[in-house]
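I have placed the structure first, in the form of structure tokens, so that the comments after it can refer back to it.
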Amino acid sequence: MKNIDILCCVCKQRSDLKMINDILVCTNVNCHHSKESNCFRIINGSPIIISEVECDTLCSADKIDSYVDRSESSLPVRALRRIVSGKPKVTEDNCSDFVSLLRKANKKSKVLIIGSGEIGNGTEQLYKSKDIEILGTDIYLSNTVDYVSDAHFLPFKSQSFDGVWIQAVLEHVVDPHKVVSEIIRVLKDEAYVYAETPFMQQVHEGPFDFQRFTLIGHRYLFKSFELIKMGGNQGAGVALSWSLRYFFWGLFRSRLLATIVSMPFTILLRFLDKFLDKSSLYDSSSGVFFLGKKTQSQLPQKDLIDLYKGMQ
Ligand SMILES: [Zn+2]
């Protein structure tokens, strides 16, 4: 198991955890998880630190016992996926900036990836950087998950990380403000966050989809961070192709048929995105991103209005 020294319980006291044989218990005698019968289990080296007693959570620790295989798909499947979803150029550039900032600030950085169950598009450079230690957490087990936890209750001591990467996750959390408060807590002073979240996209992952953010709304979510960079990741063409796919899905009652029928539109609309006015990203991008540095001050609401550079 990686980095037991940075782990803590998810109870209000955030007490230390103690390893007994191959389980973890809380060192606070008043915590439900201080008893061995209520321990946190460790599966294949990954602790399951979820508490339905100490926390209000959608997750259930008991249900996590199977390993979700998210290993690389075959070449034709990856090629097809690349045609449908395109090259994640904006994310790749942002990932490169995130890595450079970490390198400038530290010789060796520790980065937490929230939602690491599946490797995010455009994150290759982060995973390949030998001077950056990657630790991943998600609500299920996979070969890229080191700790199973609910992002509303991160099982890490305060000021443990030099960076947090959270991509395509905040739409799936019930209370994004609580999740960001946890990100702030586990980050060191002046550490970095990168978040990428849908704006103009339909519901995905069924009932586990709760939020969408405009670019400015997303920036305000990270009000305790100094802005380094923010923007839209993909244009209105990609957003429109999402709409078309869901339109055909409703019409044909078949997701597969909808994907096939909408594919030519997806390819054409993605191409046409190149010709759109850049300011349209503020009004109709498919997703938004924010790269920032943790500060002690908070962005005043009045400063938000000047951040808007859209078409209106
Ligand atoms: Zn505890």
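Throughout, read-outs are computed from the coordinates displayed, never taken from laboratory work. Because the structure is predicted, anything quoted here is derived from the model rather than measured. Cβ coordinates were reconstructed from backbone atoms using ideal geometry, including for glycine residues, and neighbour counts include every protein chain displayed.
Miscellaneous remarks
- The HN-Hα couplings worked out from phi for the range 19-29 by the Karplus form 6.51 cos²θ - 1.76 cosθ + 1.60 (θ = phi - 60°) are 8, 10, 6, 10, 10, 10, 10, 7, 7, 8, 5 Hz, whole numbers, x standing for Gly and Pro.
- Cα gyration tensor, the range 4-63 - rounded (a/c under 1.5), prolate or oblate: rounded
- Since only 197, 301, 251 are under comparison, the one whose Cα sits farthest along the positive direction of the charge dipole of the range 174-312, derived from C-beta charges on Lys, Arg, Asp and Glu, is 251.
- Sum of side-chain charges, residue 58 neighbourhood, beta-carbon under 13 Å (Lys, Arg +1; Asp, Glu -1): -4
- For the listed peptides 237-248, 156-167, a ranking on the average number of other beta carbons within 10 Å per residue, highest first, reads 156-167, 237-248.
- By the helix-only formula, in which each DSSP H run with n ≥ 4 contributes -39500 (n - 2.57) and the sum is divided by residues, the chain has a 222 nm mean residue ellipticity of -9000 deg cm²/dmol.
- Spin-label proximity, residue 252 to the range 219-245 - amide N less than 16 Å from point 7 Å beyond Cα toward beta carbon: 241-245
- FRET E, pair residue 23, residue 124, Förster distance 25 Å, beta-carbon r, rounded to 0.05: 0.10
- Summing charges over all other residues whose Cβ lies under 12 Å from the Cβ of residue 261, with Lys and Arg as +1 and Asp and Glu as -1, gives +2.
- Working from label points 7 Å from Cα in the Cα-to-Cβ sense, the residue 302 to residue 271 distance is 5.0 nm.
- Given R0 = 51 Å, the distance between the Cβ atoms of residue 133 and residue 259 translates into a calculated FRET efficiency of 0.85.
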